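Everything below concerns the one structure shown next.
Only the coordinates and a few stated rules stand behind these numbers; no lab work does. Source: prediction; values computed, not measured. Cβ coordinates were reconstructed from backbone atoms using ideal geometry, including for glycine residues, and neighbour counts include every protein chain displayed.
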Amino acid sequence: MVIGVTDTMISEDKFNLYIKWLEGSGILLNWIKLSYRLDNLNALNDCNGLILTGGNDINPALYNGPVNHPHIKDVDRKRDDFERKLIDQALNKKIPTLAICRGMQLVNIHLGGTLIPDIEEAGYKSHRKNNDIENRHPVNIDMDTLIYKMSNIDSGHVNSSHHQAVAKPGDGLIISVRAEDGIIEGMEFGNIEKDHFILLLQWHPERMMDENNPLSNKILENYLATISNQSTT
């Protein structure tokens, strides 16, 4: 089993948290770092799964957003474009995909959705870190969704470290998880029987301290099981 993991581009330590999370599953697997700096788009051909990681803001021009917004910083159009090509490949080849934080936002944009440029400015409470301590908040899960079937819970608590969020879902995506303030925290394809595994999460399951939280460990368990099953069929 080989998992392609996109480079966060901002911190090797944060990238390594994804790897530690994967390796903590106890399943024998390999991983490939995917990045425009490595110019290895074709490496996805050797992968059984894809993880789109978190990182800096996405170029707002991609969703007709405010290009001069003072709170949108450190955009990297090369990363955006590279990872959108990965998304196209994953969709075309039905590669199981887990899109986390920025990854969720990018998939949403790629499918025609939009973002809230800054959720605090839009009137929501902060979902950012507080003095480098991750925020945590409750979420509610739609029971008619893949993530409910995976976690077997209709509510829980997740970590939170973002200032943007999905505004309009992209084509084919449904909302599966919301924070109590209404912020979209999870999405997936509406027809889970027809469409391949693609799960979009606003939180960071790879760095949740409560390792037995089903919104972390059950996600990983089911994601890897899907890849394994797909590889043997």
Fill in: Sequence ranges 73-82, 171-180, ranked by mean other-Cβ count within 10 angstrom, highest first
171-180, 73-82
Worksheet item: Quick one: length gained pulling Asp171 to Arg37 fully straight, 0.36 nm per residue minus the C-alpha distance?
Response: 45.3 nm
Worksheet item: For the chain, what does -39500 (n - 2.57) per DSSP helix run (n ≥ 4), summed and divided by total residues, give at 222 nm, in deg cm²/dmol to the nearest 500?
Response: -8000 deg cm²/dmol
Worksheet item: Using a cut-off of 28 Å between alpha-carbon atoms, which lysines can reach Lys78, once sequence neighbours fewer than 8 places away in the same chain are excluded?
Response: Lys14, Lys20, Lys33, Lys93, Lys94, Lys129, Lys168
Worksheet item: Residues with beta-carbon under 12 Å from that of Leu220, excluding Leu220: net charge, scoring Lys, Arg +1 and Asp, Glu -1?
Response: -2
Fill in: Kirkwood Rh in Å, taken over all unlike Cα pairs in the chain
17.6
Item to complete: Grab the other residues whose beta carbon is less than 9 angstrom from that of Gly186, score K and R as +1, D and E as -1, and report the net.
Response: -2
